[in-house]
Amino acid sequence: MACRSGCCCGSGPINEDNARFLLLALFIIFYLLCGAAVFSALEQPKEREAKERWTQRFEHFSQSYNLSKKDLNNFLRNYEEANVAGIRVDTVRPRWDFTGAFYFVGTVVSTIGFGMTTPATIGGKVFLMFYGLLGCAATILFFNLFLERVITVIAVVLKSCHERRHNKAMRPPNGQRVSRGNRAGGAGGSGGGKKQDLAGWKPSVYCVMLILGGAAILVSCCASLMYSAAEGWGYLDSLYFCFVAFSTIGFGDMVSSQRVVYEGHATAAYRLGNFFFILTGVCCIYSLFNVISIVIKQVLNWLLRSLEAPCRCCFPSRGDHPHRRPRRNVVAPGHLRARRDPSIETDAINESETDTGRRMSGEMISMRDFLAANKVNLAIMQKQLSEMAIGHPRQSSSSSRQNGFSGGVGALGIMNNRLAETSVDR
């Protein structure tokens, strides 16, 4: 299905990137259909019950107060208009004072968009379009830079642990102490191998995903405790709100920090804690989503490799073909993955790796294939624009190519470049 140079048994050549894109599109469509079926089965009975209950209450109210249904519907429409403007039955904080407006612009630039506050004037709507364009772009850049620093810290910690395990493995058995002569004699042989092993090591993408997932869960659990105490929500409802807010879905059915005063709680401290948890949670979930997308692409590459197996008309034998490129960017099966540790890297290949194959640190997604498929080297363009903005050119990062990393675009490129720097600096 996804032969690199085409297949004589199919309708025509299919590029691997296009095949991956189509496979991902089919997966998303199937995922949407499954989600719609599940939510329809769970929520539709509740919707019917609420609709029947409202019909009964509407009839009872109109008969009790001798009101026509038309007049009552007009009154309810007026209330809906007031509700859009921020008017509620219960007393809530002002929507358009400075603190309320600051909360609103925070939901705009973070792309959460709860929907409980929206501009009603023409000037406000026009200003929002220009304000959100710059604000959302700047916030996405902030999330990318946050991801860069998180990956740096995780890479340094994981590499320190790897160095400790490596040093323990290099110790002589039975606790024997090595003499100075032997230590000096072995420094030339083992030292070079040790440095080479540590230089070729990259953090496992699964370790990074688990650490980011644990951080997101910890932030959500702590924030849920605060919301349960301050807002009076159940703990599960608070967890639901945390995921909706931190993932920037922002339904608006539950919104925090909307009361004027929180009795028994320091209102200013709660509003500050709400801002801190939302900011931290959004950054953690954004970083986690980027790492999960890497794993999803690994799975897609593995599926493409599985789909190519039945196509033997081009290469009938299972042996290596002289014109067949070695497969990269795949999740190897269990019996082949025993000695591999998948890491966050791209497909930049140097001369030393073309003969001996890729390092045993595993294989990851390819920004190189993406750039080649689109015939535009976005990474070089991004580097040139960055140099022009700074005012002086950067030195070429030859070490990144030696370590199997390549400069990418966006969050994936940030992770690749930062991991390459940490593997060289330490």
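The values are calculated or read from the model by the stated rules, or taken from the named source; none is laboratory data. Treat the numbers as computed from the prediction; the structure is a model and nothing was measured. Here the Cβ positions follow ideal geometry from the backbone for every residue, glycine too, while neighbour counts run over all protein chains shown. For the accessible areas, the whole protein counts, side chains as well, though only heavy atoms, and no ligand, DNA or RNA atoms are used. Shrake-Rupley method; radii C 1.70, N 1.55, O 1.52, S 1.80 Å.
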Item to complete: First compute the accessible area of the stretch 238-310 with a 1.4 Å probe, then give the percent of it belonging to carbon and sulfur atoms.
Response: 73 percent
Fill in: Charge tally in the Cβ shell below 15 Å around Phe277, where Lys, Arg are +1 and Asp, Glu are -1, Phe277 excluded
0
Response to the item:
Scoring the stretch 75-143 by relative contact order with C-alpha pairs under 8 Å, at least six apart, yields a percentage of 32 percent
Discussion item. For a protection proxy built on the mean count of beta-carbon atoms within 10 angstrom, sort 107-120, 133-146, 32-45 highest first, please.
Written reply: 107-120, 133-146, 32-45
Worksheet entry | Exceeding the 32 Å Cα-Cα cut-off - candidates Lys159/Lys297; Lys51/Lys297; Lys46/Lys297 | Lys51/Lys297; Lys46/Lys297
Discussion item. Through the Karplus equation 6.51 cos²θ - 1.76 cosθ + 1.60, θ set to phi - 60°, convert the phi angles of the stretch 102-110 into ³J(HN,Hα) values in whole Hz; use x for Gly and Pro.
Written reply: 5, 4, 5, 5, x, 6, 6, 5, 7
Worksheet item: How large is ³J(HN,Hα) for each residue in the stretch 121-132, as worked out from phi by the Karplus curve 6.51 cos²θ - 1.76 cosθ + 1.60 (θ = phi - 60°), to whole Hz, x for Gly and Pro?
Response: 8, 5, x, x, 5, 5, 5, 4, 4, 6, 5, x
